[in-house]
C-alpha cells in the first residue's frame, strides 16, 4: 500500500499577487537618543491617539546613519510595538541594522529620502508609497489617472484612495481616511484624516466646508487636530503647501 499523500488539485485560483501602492507613514529618525524619541512619540500620540492606534509605519534610519549616530533599533522597535505602533519595514539602514530587522521579522526597503531636506527636529512623520511585488509588473501598462466622485458619507473605519482628484459630496467621519494623488474636495465636514498629493504632488490641495480633521497632509507634510486653528474649523477652508510649510486658511 502506498503511503504517499497526493497533492489536491484545485481548478480555481484562491489568490493573486497584484502590483499596487498604499500610503504608509514614515518615522524619520534624526536623533538616536532613545529617551528623547520616546518623549516626542508620547507627545504625538497624546495629540492624536486614534491616528496612532495600531498604526503601520516605516522606520527611516537614513539621516541618523548619515550623521553616524547609533540608534538602538531593537529597543526602538520594542517600544513602538508596546505603544501599538507596528513597523512594517525599515529603510536607510546599514547591513547590521537590516540583518537585525529581519531577526525582528521586519523587512528592509530601498525607499530613500533626501537627507538635505531634514530639519533639526528629532522626529518627523511623513508618508510614502510602498510598491507591492508582481512578477509581471515590468510589462504592465500604467493606467490613466482617474478622478473619483463619491456621493455617500465616508464612515468611520473606511479608507478611500483616488489615483487623481477625490471629490466627496458628503462628510468624512472621524476615524475614516481619504487619500488622493491629486486634490481632495469635501463638500461636507471633514472629521477624519485627509492626505493629498500622496505620490509627491506638492501642488495638491485639500478643500472642505468644515475642517475638524484628525489629520491633514500634503505630500507628507501634516498637521493634526490640535495644531489647526479653531477659528478656521466652522468655515470653508483649504490646505496647501507653501515653501515646504503646510498652510491652512479659510476660503
Check your understanding: So in the stretch 148-250, what percent of DSSP beta bridges are antiparallel if you round to the nearest 5?
Key -> 35
Practice item. Round to the nearest 0.05 the FRET efficiency obtained for residue 170 and residue 147 when R0 = 22 Å and r is the Cβ-Cβ distance. Key: 0.85
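Kindly state, to the nearest 0.05, the FRET efficiency for residue 156 paired with residue 43, given R0 = 30 Å and r defined as their beta-carbon distance. Could you put the intermediate results ahead of the total?
On the way: r = 25 Å, r/R0 = 0.83.
Efficiency for this residue pair is about 0.75.
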Review point. What do you get when you divide the Cα radius of gyration of the stretch 148-250 by 2.2 N^0.38 Å, with N the number of residues?
Key: 0.92
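Going by average Cβ density within 10 Å per residue, which order do the peptides 53-59, 219-225 take, highest to lowest?
Order by mean packing, descending: 219-225, 53-59.
Readers should treat all values here as calculations from the given coordinates under stated rules, not as data from a laboratory. What you see is a predicted model; the values in this text were computed from it and never measured. Counting neighbours? That spans all protein chains shown, and the Cβs are built from the backbone with ideal geometry, glycine included.
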